[in-house]
1. Given the conditions (1) part of a loop (DSSP other than H, G, I, E, B); (2) of a type in the set (D, E, K, R); (3) farther than 21 Å from P213 by Cα, report the number of the one that D309 does not fulfil.
2. Return a yes/no flag: does segment 204-215 have any residue that is more than 18 Å from the chain's Cα centre (by Cα), of a type outside the set (V, I, T), farther than 25 Å from Q319 by Cβ and assigned to a strand (DSSP E or B).
3. Counting only residues that are assigned to a loop (DSSP other than H, G, I, E, B) and either more than 11 Å from the ligand (Cβ to nearest atom) or at positive phi (or both), how many does segment 40-67 have?
4. For segment 186-200, name all the residues that are part of a helix (DSSP H, G or I), within 17 Å of F71 (Cα to Cα) and not aromatic (F, W, Y).
5. Within segment 80-101, restricting attention to residues that are out of contact with any Leu (no Cβ under 8 Å at 6 or more places or on another chain) and buried (at least 23 other Cβ atoms within 10 Å of the Cβ), which residue is nearest to I20 (Cα to Cα)?
6. On the given criteria, is T300 over 14 Å from G202 (Cβ atoms) and loosely packed, with under 14 Cβ neighbours inside 10 Å?
7. Which members of segment 242-258 meet the condition of being open to solvent by less than 40 Å² (accessible area, probe 1.4 Å) and either of a type in the set (D, E) or under 15 Å from I198 (Cβ atoms) (or both)?
8. Among residues belonging to segment 314-326 that are closer than 27 Å to F236 by Cβ and in contact with a helix residue (DSSP H, G or I) (Cβ under 6 Å, 6 or more places away or on another chain), point out the one that is surrounded by the most Cβ atoms within 10 Å (Cβ to Cβ).
Amino acid sequence: MKVLITGACGFVGGALIRAISEAQCGWPLLGFDNLGRPGSELNRSELRHLGVKLVHGDLRCASDVDSLPAFDWVVDCAANPSVLAGCDGQSSSRQLMEHNLLGTINLLERCKTLKAGLVLLSTSRVYSIEPLANLAVTVLDRAFHPVLTESPPEGLSAEGIAEKFSTAAPVSLYGATKLAGEALALEYASAFDFPVWINRCGVMAGAGQFGRPDQGIFAYWINSHLRRRPLRYLGFDGQGHQVRDCLHPRDLVPLLQKQMDSADSAKPRLLNVSGGRESAMSLRQLTDWCDARFGATPVTGDPRPRPFDLPWVVLDSRQARSVWGWAPQTPMAEILDEIAVHAEKHPEWLGLSAPD
Ligand SMILES: NC(=O)c1ccc[n+]([C@@H]2O[C@H](COP(=O)([O-])OP(=O)(O)OC[C@H]3O[C@@H](n4cnc5c(N)ncnc54)[C@H](O)[C@@H]3O)[C@@H](O)[C@H]2O)c1
């Protein structure tokens, strides 16, 4: 089974390739990347050593996608993954639509021709901002926790945000590209009879992530703390109580194996996949972890709100557990340790992944 990984030189694509190689899945791997993400070019030689054929090309360009060798499955990991993309002055809204949506359409057209399957890595950012921004929270142990009323919004529980939660706009331009990509993938699958699985992933983290304040927050925070770079708690009274869960991308591999082996299954096509409540932590708690490891460093507070920021984002992936028997394998402590070890070995990392 020949598998194409788009965004192969990015954090998730690269981590998946390493994990697939280690798991000896026996899939010949083809990687595709435009090397647009600063730092992504660093992954090229290692991936080639793993025996991956890497093609330099751009998903926005249909002829680049159409001239790729045939494949049986594609795992789409190529996108601009920042929630601020299109609104941050660094990329335009049109560029975001072209990378994230036109790119998906070009892949779907190729899947249609080849009858190849697609695994789309979607995001928790497809969920509606308003009810999440207005969620009542309380602070326990230096982290926000939701205060659930007797009738919470559909799909919300102490376990997190489930698939039934509203996806009504606004969800951010980034979230909208993913939501539209999901709808198109399901339509193409139905119209042209090829398999599609959609995995809505929560925050992913691990060594080698290109960290910036708007994307890759765990890597950004740990690298910055270690190098004594200025850190700020933004929004939410400047206290750093906002919470995210986190998943190591390698933990997706057992799920991908099952999904690719079950092309015809009647299982739900769309599922949340995340670290969940057990791997959730606030920025404040992350600072405590860094202080214990690297020595204390001050963090300033800046209560001005940030666009699209949310107090508590924990994805409920119990359905992935019941449908596929899938569960995250890498505990939070191991993910943080892995990032710290990588940061210690690579003093230049933040400059590479977020050049001025
Ligand atoms: N990292 C997370 O926390 C997270 C969470 C949920 C979903 N996702 C999704 O996972 C995927 C991978 O995210 P990541 O964190 O690895 O991002 P990343 O920026 O590290 O990697 C993306 C890779 O795609 C490449 N790329 C971007 N546009 C391209 C194009 N038009 N043609 C070819 N290559 C292109 C980039 O050069 C980069 O190497 C994205 O689809 C993202 O939406 C990520």
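The values are calculated or read from the model by the stated rules, or taken from the named source; none is laboratory data. On a predicted model such as this, the values are computed, not experimentally measured, just so you know. Neighbour counts are summed over all protein chains in view; Cβ atoms, including those assigned to glycine, are modelled from backbone coordinates with ideal geometry. Just so you know, the surface numbers come from the protein's heavy atoms only, side chains and all, with ligands and any DNA or RNA stripped out. Shrake-Rupley method; radii C 1.70, N 1.55, O 1.52, S 1.80 Å.
1. Checking D309 against (1) part of a loop (DSSP other than H, G, I, E, B); (2) of a type in the set (D, E, K, R); (3) farther than 21 Å from P213 by Cα, the one that fails is (3).
2. Looking through segment 204-215, none of the residues is more than 18 Å from the chain's Cα centre (by Cα), of a type outside the set (V, I, T), farther than 25 Å from Q319 by Cβ and assigned to a strand (DSSP E or B).
3. Of the residues in that region, 4 qualify.
4. Within segment 186-200, A189 is the sole residue that qualifies.
5. Applying the filter and picking the extreme gives P81.
6. In short, yes.
7. Listed by number, the residues that qualify are D245, D251, L252, L255, L256.
8. Ranking the qualifying residues of segment 314-326, first place goes to L315.
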